[in-house]
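Reviewing the structure listed below.
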C-alpha cells in the first residue's frame, strides 16, 4: 500500500518546485549532452538553467562557451561568454587564452595575438598559452617565432597528444612539412598503442592536406567522442575539409547540419 506523501510548501502555495540541481551540476549535464550525445538543444537548456540560477559563475559561462556555443558555430556568443567569464575572474589565464583562440577564428589575428601575449606573460610556462600563441603567430605569418615557441613547448612540457597536435599543425602551416610528417608518425605510433588520438591525427593530417586520412580519422574521432572534432564547424584548423563533398556528412553525424 502506498503511503500518502506530504505536499511540499511550494506545491501548496502554487509556486513551482525549485530546481533540485546546482548550477555546476547543470553545467556538467550540459557538457555531457554536448560532448557525448551531440544534443545541442539539451546542452543549451542545462547551461541556461545554470546561468539563470547563478549568473556570476565564471566557470559555467566558460563551459557554455566552450562545449555548446563554439561547436555549433555561434562564435559571437561564445566570445561574449568567455569575456563575461574573464570579467568575473580576470586572473584566469585559461580564459584569456581561449578568448585569444576564439578571436583568431574571426581573423582578428592582431587582437588575438595581443590577448594571447598577455596571458602568456602571466606565466610563460603555461602550456595552453604557449600552444595557442604559437598557432596565432603562424596564422600571422610569423613563422620562425611560431616554430620556436612550438618547439619550446615540446621541450618544456613533453611530447604528448595536445602539444604534438599543435606543433604538427604549426609546422605544417609554416612550411616545415617534413617535420610535421615526423610528428604525424609519432602520433600514429601512440595511437596504435592506445586506440585513440583520432582527434589530433585529424588535425595534423588536415594541416598537411592529407584529406583522405583526415576524413578517416575524423570519422573515428566522432565515434570516440574525441573533443578535438567539436571544432569541425568553425575551427580554422579544419578549413581544408570544408570544401570537400564528404564534409557535410561529418556535420550530420554530430547533429551540426
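The values are calculated or read from the model by the stated rules, or taken from the named source; none is laboratory data. Every value quoted in this text rests on a predicted model; they were computed, and no experiment measured them. Here the Cβ positions follow ideal geometry from the backbone for every residue, glycine too, while neighbour counts run over all protein chains shown.
Some points to look at:
- Positions within region 158-177 being within 18 Å of residue 135 (Cβ to Cβ) and not in a helix (DSSP H, G or I), in sequence order: 159, 160, 174, 175, 176
- Close pairs (6 angstrom Cβ cut-off, 6 or more residues apart or separate chains): surrounded by 15 or more Cβ atoms within 10 Å (Cβ to Cβ) in region 106-128, not in a helix (DSSP H, G or I) anywhere: 109/140
- Qualifying residue in region 236-248 (condition: in contact (Cβ under 8 Å) with a residue 40 or more places away in the chain and crowded, with 19+ Cβ neighbours inside 10 Å): yes
Here is a yes/no grid of residues against (1) touching a helix residue (DSSP H, G or I) at 6+ places or on another chain (Cβ under 9 Å); (2) in contact (Cβ under 8 Å) with a residue 60 or more places away in the chain; (3) under 24 Å from residue 223 (Cβ atoms); (4) assigned to a helix (DSSP H, G or I):
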{"residue": "42", "(1), (2), (3), (4)": "yes, no, yes, yes"}
{"residue": "52", "(1), (2), (3), (4)": "yes, no, no, yes"}
{"residue": "55", "(1), (2), (3), (4)": "yes, no, no, no"}
{"residue": "65", "(1), (2), (3), (4)": "yes, no, no, yes"}
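- Residue count for region 176-204, restricted to those that are more than 22 Å from the chain's Cα centre (by Cα) and under 14 Å from residue 160 (Cβ atoms): 3
- Within region 235-252, one or more residues are closer than 20 Å to residue 78 by Cα and outside any helix (DSSP H, G or I).
- Subset tally (residues that are buried (at least 24 other Cβ atoms within 10 Å of the Cβ) and over 16 Å from residue 154 (Cα atoms)) for region 174-198: 1
- Considering 192, 180, the condition of being part of a helix (DSSP H, G or I), out of contact with any helix residue (DSSP H, G or I) (no Cβ under 9 Å at 6 or more places or on another chain) and free of Cβ contacts under 8 Å to residues at least 60 places away in the same chain is satisfied by 192 alone.
- Pick from region 87-105, criterion outside any helix (DSSP H, G or I) and surrounded by 15 or more Cβ atoms within 10 Å (Cβ to Cβ), ranking: modelled with the lowest pLDDT: 92
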